[in-house]
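What follows is one structure encoded as C-alpha cells, with my remarks underneath.
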Amino acid sequence: MGIGSLGIGGLALKNWYGSISGTMSYTKKSSGKTSPKKLKKLQYNFKEISSQLLRAKTSGNAKQVAAKARRKIGLLRQKLRIGEYDDKEVEDAILHALRMERVAKKRMRSIRAS
C-alpha cells in the first residue's frame, strides 16, 4: 500500500497493484501571520420595514410587512452563518427585524379588531 501526491491538499491512496484506490484531502492550518479577513458591510435599512409598517392602513398590508420581515430574518440568518459580515451588526439587524415582525402582527390584529 502506498501514498502518492495529488498536488496541494490531496493524497492518492494506492493499493498493492499500484492503482489508485482512494483519495484523501486536507487543509493546512494558517500560521497566524496572515492579515484578518476584511468583513463586508451589511446592507440593511432599518427604516425600510418600520416605515412600511407605519404606512400600513389595512390588516392585509400589515400582514405583508410581517411576511417581509420574516424573509429579512431568514436572509440575515444566512448571512450570519456565512461569516462574511460583522456578527454584531447582523445580530442587531436580526433583532430589529424580529421586533418589526412582532409589531406588524400586533398591528394586523389591532386593525382587524376595529
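What to note about this one:
- Prolate is the label for segment 53-105. Its Cα gyration tensor axes, ordered a ≥ b ≥ c, give a/c of at least 1.5 and a/b above b/c.
- Accessible surface of segment 33-84, 1.4 Å probe: 54 percent of it comes from carbon and sulfur atoms.
- Per-peptide packing, taken as the mean over residues of other Cβ atoms within 10 Å, places 91-98, 78-85, 16-23, 57-64 in the sequence 91-98, 57-64, 78-85, 16-23 from highest down.
- In a reduced charge model with +1 at each Lys and Arg Cβ and -1 at each Asp and Glu Cβ, segment 46-114 shows a dipole moment near 660 debye about its Cα centre.
The values are calculated or read from the model by the stated rules, or taken from the named source; none is laboratory data. Here the structure is a predicted model, which is why all the values come from computation and not from measurement. Methodologically, a virtual Cβ is constructed for each residue, glycine included, from the backbone with ideal geometry; neighbour enumeration extends over all protein chains shown. Keep in mind that these areas ignore ligands, DNA and RNA; they rest on the heavy atoms of the full protein, side chains included. Shrake-Rupley method; radii C 1.70, N 1.55, O 1.52, S 1.80 Å.
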